[in-house]
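S.K.: Below you will find the structure I want to go over with you.
The values are calculated or read from the model by the stated rules, or taken from the named source; none is laboratory data. Just so it is clear, the structure is predicted and the values come from calculations on it, not from any experiment. A quick note on method: Cβ atoms are made from the backbone with ideal geometry, for glycine too, and the neighbour counts reach across all protein chains shown. The accessibility values were calculated without ligands, DNA or RNA, using every heavy atom of the protein model including side chains. Shrake-Rupley method; radii C 1.70, N 1.55, O 1.52, S 1.80 Å.
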Amino acid sequence: MKDHSIGTPAELRDPDYTPPLAQAIPLGIQHVMAMFVSNVTPAIIVAGAAGFGFGSDSPDFPELLYLIQMSMLFAGVATLLQTVTIGPVGAALPIVQGTSFAFLPIMIPLVAGKGVDALAALFGGVLIGGLFHACIGTFIGRIRFALPPLVTGLVVTLIGLALVQVGIQYAAGGVPAIGTAEYGSALNWSAALIVVVVTLALKFFARGMLSVSAVLIGLVVGYLYAILVGILPVADIAGSWSNAAAFALPQPFRYGFEFSAAAVLGFCLMAFVSAIETVGDVSGIAKGGAGREATDREITGATYADGLGTAIAGVFGGLPNTSFSQNVGLIAMTGVMSRHVVTIGAIFLILCGLIPKVGGVIRTVPIEVLGGGVIVMFGMVVAAGVSMLADVVWNRRNMVIFAVALSLGLGLQLEPGAVQYLPDWLRVLMVSGLVPAAFIAIVLNLVLPEELAEETVEDLVPAGDGTRPRDVPRH
């Protein structure tokens, strides 16, 4: 609900307006609560894929704490680039940056089962991909035509479909538990389902902060439940808290630097998708918060900040950053367009990132509890993609493009052995599904004649009784 008591309607629409601190601080923290779980989850998933995450006996498990810490710290730094700006870098709008889910289907094959040794190549790709992402800002306006909702919606949908398996595995007990009697037990599923039920109840029946923070509160409830039923011993929490430092600075190139063609190509290609996502978020903030269209300067500055924030994160062991769409909706809900409110949230994130004890507590969240949260989040990624596809005119041409790209992308995700004889760098890109699907969708969208779009699609849509085609209107 919009609160005009903290400013006039004109002030609330002004990005440079600063509300009174008594209201600005809780509003800023509200932005952090809305994105907190989504921000640290990619680091947890990457560590799990590499083999030193939740449920593993790896001696490198403590490294997960550092990855969580960097996720918070550099989400705050990237957000400051957007709100405070440095020269042309930043949109000077209330844009909240966070660790991107979009790159997970690229990162998971890169690190799968390789442990900490895989992180040098991973963060090398993050650094170079981030610099390339920043360069996209110089021509972002001229490539938007090549990435219509048909392409971006397809890619976002595939991102979600690539991740839903992770949510189910987590809810059942995690990858290390596969093959044991514990995997898929009623106790494990009960913890995950409590998170799902609480999250949905708050999202649909609560208002304000409770609704905005539904996933976070759901995880807290699941966390308490895990303690009560014995999934999480209290001693583990105390041990993690006491072993984590009270303050720690990030370390540049902690994991080294390695050039990997697969990593660099994957991150550079996905940078296009992330850049278009940011353009959409900037447009949504300008429209929903200020009732106007985003300017070219805002779009360019936001893309610069996206890429530069990712590159800086890569130097210190942080994953790629992008604008967070859930915070766009939060601005539309509160009606507060102030970038200084989001700056307060960014400072809060940076402080959390400098205090490893915060990550130490996050590290104790049982994987089953996290599974309940990511089932909701990854499902929402799929739903967001479907929502984008709803803007597509489903004629014969677009159906063919979607069908071919989806079949190849999803098929390679499900059957990675089909490309086992390709060089390692190319195989990693292919089994992600995203890169080949996006490439094919973009190429077909550019080369297929528009004349095909004028034809009927009745021969592509069989009737329900299987005897004749349904009548489908021409577009």
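S.K.: Has the stretch 61-74 got any residue that is within 30 Å of Val116 (Cβ to Cβ) and charged (D, E, K, R)? Walk me through it before giving the result.
M.R.: Filtering the stretch 61-74 for residues within 30 Å of Val116 (Cβ to Cβ) gives 61-74.
From what is left, the residues that are charged (D, E, K, R) are 63.
Looking for residues that are within 30 Å of Val116 (Cβ to Cβ) and charged (D, E, K, R), one finds at least one in the stretch 61-74, hence yes.
S.K.: Output the residue which, of all residues in the stretch 193-246 that are of a type outside the set (Val, Ile, Thr), open to solvent by 30 Å² or more (accessible area, probe 1.4 Å) and assigned to a loop (DSSP other than H, G, I, E, B), is farthest from Leu65 (Cα to Cα).
M.R.: Among them, the one singled out is Arg207.
S.K.: Do we have Val342 as within 23 Å of the chain's Cα centre (by Cα), in a helix (DSSP H, G or I) and within 30 Å of Thr300 (Cβ to Cβ) here?
M.R.: Details: within 23 Å of the chain's Cα centre (by Cα): yes; in a helix (DSSP H, G or I): yes; within 30 Å of Thr300 (Cβ to Cβ): yes.
Answer is yes for this residue.
Residue-wise test of (1) surrounded by fewer than 20 Cβ atoms within 10 Å (Cβ to Cβ); (2) in contact (Cβ under 8 Å) with a residue 60 or more places away in the chain.
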{"site": "Ser283", "(1), (2)": "yes, no"}
{"site": "Val328", "(1), (2)": "no, no"}
{"site": "Ile331", "(1), (2)": "no, yes"}
{"site": "Ala346", "(1), (2)": "no, yes"}
{"site": "Gly359", "(1), (2)": "no, yes"}
{"site": "Ile362", "(1), (2)": "no, yes"}
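S.K.: I need the full set of residues from the stretch 154-189 which are polar (S, T, N, Q) and either in contact with a helix residue (DSSP H, G or I) (Cβ under 8 Å, 6 or more places away or on another chain) or not in a helix (DSSP H, G or I) (or both), in order please.
M.R.: Residues of the stretch 154-189 that are polar (S, T, N, Q), as a first pass: 157, 165, 169, 180, 185, 188.
Within the stretch 154-189, Thr157, Gln169, Thr180, Ser185, Asn188 meet the criteria.
S.K.: Same structure again: Looking at the stretch 298-326 only, could you name the residues that are surrounded by fewer than 24 Cβ atoms within 10 Å (Cβ to Cβ) and either closer than 17 Å to Gly76 by Cα or without any contact (Cβ under 8 Å) to a residue 24 or more places away in the chain (or both)?
M.R.: Correct list: Leu308, Ala311, Ile312, Val315, Phe316, Ser325, Gln326.
S.K.: Under the condition of being open to solvent by 60 Å² or more (accessible area, probe 1.4 Å) and among the aliphatic types (A, V, I, L, M), which residue from the stretch 364-387 is nearest to Tyr223 (Cα to Cα)? Write out each step before concluding.
M.R.: First pass over the stretch 364-387, keeping only residues open to solvent by 60 Å² or more (accessible area, probe 1.4 Å): 380, 386-387.
Filter once more, keeping what is among the aliphatic types (A, V, I, L, M): 380, 386.
Values: Met380: 22, Val386: 31 Å.
Checking each candidate, the answer is Met380.
S.K.: Restricting the first residue to the stretch 154-182 and requiring it to be closer than 18 Å to Ile375 by Cα, which pairs with a second residue that is among the basic types (Lys, Arg) and open to solvent by less than 30 Å² (accessible area, probe 1.4 Å) meet a Cβ separation below 8 Å and a spacing of at least six or different chains?
M.R.: Going by the 8 Å Cβ cut-off, there are no qualifying pairs.
S.K.: Could you list, in sequence order, all residues of the stretch 233-281 that are without any contact (Cβ under 8 Å) to a residue 60 or more places away in the chain and among the aliphatic types (A, V, I, L, M)?
M.R.: The answer is Val234, Ala235, Ala238.
S.K.: Let me ask something additional. Can you say whether Gly179 is more than 20 Å from the chain's Cα centre (by Cα) and not aromatic (Phe, Trp, Tyr), as far as the supplied structure shows? Even if it seems obvious, please write down each step before you answer.
M.R.: On the way: more than 20 Å from the chain's Cα centre (by Cα): yes; not aromatic (Phe, Trp, Tyr): yes.
When the stated conditions are applied, Gly179 passes them.
S.K.: Please verify whether Ile350 is surrounded by fewer than 21 Cβ atoms within 10 Å (Cβ to Cβ) and either part of a helix (DSSP H, G or I) or hydrophobic (A, V, I, L, M, F, W, C) (or both), treating the condition exactly as stated.
M.R.: Values: surrounded by fewer than 21 Cβ atoms within 10 Å (Cβ to Cβ): yes; either part of a helix (DSSP H, G or I) or hydrophobic (A, V, I, L, M, F, W, C) (or both): yes.
Considered against the rule, which asks whether it is surrounded by fewer than 21 Cβ atoms within 10 Å (Cβ to Cβ) and either part of a helix (DSSP H, G or I) or hydrophobic (A, V, I, L, M, F, W, C) (or both), Ile350 comes out as yes.
S.K.: How many of the residues making up the stretch 161-189 are open to solvent by 40 Å² or more (accessible area, probe 1.4 Å) and on the phi > 0 side of the Ramachandran plot?
M.R.: 1
S.K.: Within the stretch 159-173, can you find the residues that are over 20 Å from Ala186 (Cα atoms) and touching a Leu at 6+ places or on another chain (Cβ under 9 Å)?
M.R.: Correct list: Ile159, Leu161, Ala162, Leu163.
S.K.: Here's a follow-up. Hey, any hits in the stretch 266-289 for a residue that's out of contact with any helix residue (DSSP H, G or I) (no Cβ under 7 Å at 6 or more places or on another chain), at pLDDT 90 or above and basic (Lys, Arg)?
M.R.: no
S.K.: Right, here's the next one. Can you find a residue in the stretch 397-418 that is open to solvent by less than 50 Å² (accessible area, probe 1.4 Å) and of a type in the set (Lys, Arg)?
M.R.: Scanning the stretch 397-418 turns up at least one residue that is open to solvent by less than 50 Å² (accessible area, probe 1.4 Å) and of a type in the set (Lys, Arg).
S.K.: Between a first residue in the stretch 56-82 that is within 18 Å of Pro366 (Cα to Cα) and a second residue that is part of a helix (DSSP H, G or I) and charged (D, E, K, R), which pairs have beta carbons less than 7 Å apart while being 6 or more apart in sequence or on different chains?
M.R.: Going by the 7 Å Cβ cut-off, there are no qualifying pairs.
S.K.: How do the helices (runs of 4 or more DSSP H) wholly within the stretch 1-107 filter down when requiring 2 or more residues that are surrounded by 24 or more Cβ atoms within 10 Å (Cβ to Cβ) and not charged (D, E, K, R): which remain? Show your work before the answer.
M.R.: Values: elements: 9-12, 21-50, 63-83.
Once the helices (runs of 4 or more DSSP H) in the stretch 1-107 are filtered for at least 2 residues that are surrounded by 24 or more Cβ atoms within 10 Å (Cβ to Cβ) and not charged (D, E, K, R), what remains is 21-50, 63-83.
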